[in-house]
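Participant: What follows is a structure written as structure tokens; I'll ask about it next.
Readers should treat all values here as calculations from the given coordinates under stated rules, not as data from a laboratory. Since the structure is predicted, the reported quantities are computational estimates derived from the model, not experimental observations. Don't worry about glycine lacking a Cβ; one is built from the backbone with ideal geometry, like all the others, and counts go over all protein chains shown.
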Amino acid sequence: MQTRNKFMDDISQLMTNAMGVAQGAREEAETAMKGLIDRWLADRDFVTREEFEAVRAMAVKAREENAALEARLAALESAPAPKPPRAASKKT
């Protein structure tokens, strides 16, 4: 037959409560640290990944357009100059 020791039950309950308090303190510390880091990053004017990707896509498009315009310009410059139209002879 086992008897329940009230002292051991109380110690067990105290430890369980202490672990709950420690867990809550850990979560609160994590939340505070995350908020601190978020504010610090916001103050440094870092760009987000989405902003970076948007600007990168614009730069790629601009480079492609620039290359197409360079090719068109080179083709226009290498083409022979058009001859001026001849004056029509007048019949009298």
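Participant: Here is a check on your reading of the model: is Ala81 surrounded by 10 or more Cβ atoms within 10 Å (Cβ to Cβ) and at negative phi?
Facilitator: When the stated conditions are applied, Ala81 does not pass them.
Participant: While we're on this one: Whether any residue in segment 10-18 is among the charged types (D, E, K, R), free of Cβ contacts under 8 Å to residues at least 60 places away in the same chain and surrounded by 10 or more Cβ atoms within 10 Å (Cβ to Cβ) is what I want to check.
Facilitator: yes
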